[in-house]
Amino acid sequence: MKRLLLGTAAAALIAMSGIASAADLKMSHVRPQDATIDVELRAFAKQVGEATGGDVNIEIFPASALGDYTTVQERISVGAIDMATQPAATAADRRMQISSFPYLANNWADARKIYGPEGAVRNVMAELYAKQDITMLAAYPVYFGGISLNTDPVNPGDPSTSNGIKVRVPGIKSFQLTGEALGYIPSPIPFSEAFTAIQTGVVDGVIGSGAEGYYASFRDVTKAYIPANTHFEVWYMIISNESLASLDADDQEALKTAAADFEAQRWTVAEADQGKWEQRLATELDTNVVKLTDDQLAAMSAKVRETVWPVVLEDVGAEWGQGILDQIGK
């Protein structure tokens, strides 16, 4: 009987060790459930689960359910949250503003060279995350940014004069200065409070997102959309170093391979995706999607590069920032 009990106990220990080897990871993102990124991340999670034979289970938390993206990045840094795919939060390191540097990329081909594999900004962002005990697994190209208004545009292609329209911007200096340079009155408001601020008339629009983002989160307060190409929006799939180290070598490799596939696939569809969402704003919501000429876009870019770039470079460290611009020929 004693021998039987010992055998049963040993079997239980073996079973428990098998359970302990499985990892349940929580992944945060900022969009609502069923948004593009939500669908793509669930496919990624499925791929990881299959590649690891069920050893790694990634649970997706949409709509900032685990906290604002700034808070989430801080919690990933200390191992309190496992993963996220989201914009870079600059509160921990102002140099992360280089990711959203206004008018840095001129077109999609330019963006891929800068933010894609081995791109200068992508590489430096991986280094900055590493200093926060975070590993960057992938870059996720989203869109070129624009301006959403809950009012009629005023001289939308002319950055030479103020239009008197107050807009919400992220609490990042580059966005605030870009808003001013383009003639708007910027008001830094957290993303979680932005919709209510527009709805109640505190501000009349938003700078900091693009067509897909405005459709997903601001569709009921978007009367006009100006595709001003204010910045190239790229999010990063990140994981706590602690969470990554908890996986065995094979599972780590499977996770990294799935992340590389996730990024590569996104680059093949992102440009067309941007056009699709601009079209949906126009056709489904009857949004006035403003057509800007090449000359108007060039004037906006020139104004921002002249007035905003020097200030942001000082904020991130002029020598450090200029070194990155030099790498990409800007």
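Some observations on this one:
Residue by residue, here is whether (1) surrounded by 14 or more Cβ atoms within 10 Å (Cβ to Cβ); (2) within 17 Å of Asn229 (Cα to Cα); (3) among the aliphatic types (A, V, I, L, M); (4) touching a helix residue (DSSP H, G or I) at 6+ places or on another chain (Cβ under 6 Å) holds:
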{"residue": "Pro159", "(1), (2), (3), (4)": "yes, yes, no, yes"}
{"residue": "Val169", "(1), (2), (3), (4)": "yes, yes, yes, yes"}
{"residue": "Gly183", "(1), (2), (3), (4)": "yes, yes, no, no"}
{"residue": "Ser187", "(1), (2), (3), (4)": "yes, no, no, no"}
{"residue": "Ala197", "(1), (2), (3), (4)": "yes, no, yes, no"}
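Each row is one residue, and each column tells you yes or no for (1) free of Cβ contacts under 8 Å to residues at least 24 places away in the same chain; (2) over 17 Å from Leu137 (Cβ atoms); (3) not aromatic (Phe, Trp, Tyr).
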{"site": "Ala35", "(1), (2), (3)": "no, yes, yes"}
{"site": "Asp38", "(1), (2), (3)": "no, yes, yes"}
{"site": "Phe44", "(1), (2), (3)": "no, no, no"}
{"site": "Gln47", "(1), (2), (3)": "no, no, yes"}
{"site": "Thr52", "(1), (2), (3)": "no, no, yes"}
{"site": "Asn57", "(1), (2), (3)": "no, no, yes"}
{"site": "Pro62", "(1), (2), (3)": "no, yes, yes"}
{"site": "Ala65", "(1), (2), (3)": "no, yes, yes"}
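Here is a yes/no grid of residues against (1) modelled with pLDDT of 95 or more; (2) surrounded by 22 or more Cβ atoms within 10 Å (Cβ to Cβ); (3) assigned to a loop (DSSP other than H, G, I, E, B):
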{"residue": "Glu74", "(1), (2), (3)": "yes, no, no"}
{"residue": "Ala80", "(1), (2), (3)": "yes, no, yes"}
{"residue": "Ala84", "(1), (2), (3)": "yes, yes, no"}
{"residue": "Ala91", "(1), (2), (3)": "no, no, yes"}
{"residue": "Arg95", "(1), (2), (3)": "yes, no, no"}
{"residue": "Tyr103", "(1), (2), (3)": "yes, yes, yes"}
{"residue": "Arg112", "(1), (2), (3)": "yes, no, no"}
{"residue": "Val124", "(1), (2), (3)": "yes, no, no"}
{"residue": "Glu127", "(1), (2), (3)": "yes, no, no"}
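- In region 294-311, the residues that are touching a residue at least 12 places away in the same chain (Cβ under 8 Å) and within 16 Å of Phe144 (Cβ to Cβ) form Cβ pairs under 6 Å with partners that are in a helix (DSSP H, G or I) and of a type in the set (S, T, N, Q), at six or more places apart or across chains, as follows: Val304/Thr178.
- Single match in Asp273, Asp220, Asp250, Asp261 (criterion: outside the structural domain of Met136 (by TED's automatic domain parsing), at pLDDT 95 or above and either surrounded by fewer than 20 Cβ atoms within 10 Å (Cβ to Cβ) or part of a helix (DSSP H, G or I) (or both)): Asp220
- Which numbered condition Leu137 fails, given (1) in a helix (DSSP H, G or I); (2) crowded, with 19+ Cβ neighbours inside 10 Å: (1)
- Strands (runs of 3 or more DSSP E) contained entirely in region 140-217, each with at least 1 residues that are basic (Lys, Arg): 166-169
- Hits in region 226-247 - residues which are outside any helix (DSSP H, G or I) and in contact with a Gly (Cβ under 6 Å, 6 or more places away or on another chain): Ile226, Pro227, Ala228, Thr230, His231, Glu233, Ser240
The values are calculated or read from the model by the stated rules, or taken from the named source; none is laboratory data. What you see is a predicted model; the values in this text were computed from it and never measured. Glycine also receives a Cβ, built like all others from the backbone with ideal geometry; neighbour counts cover every protein chain displayed.
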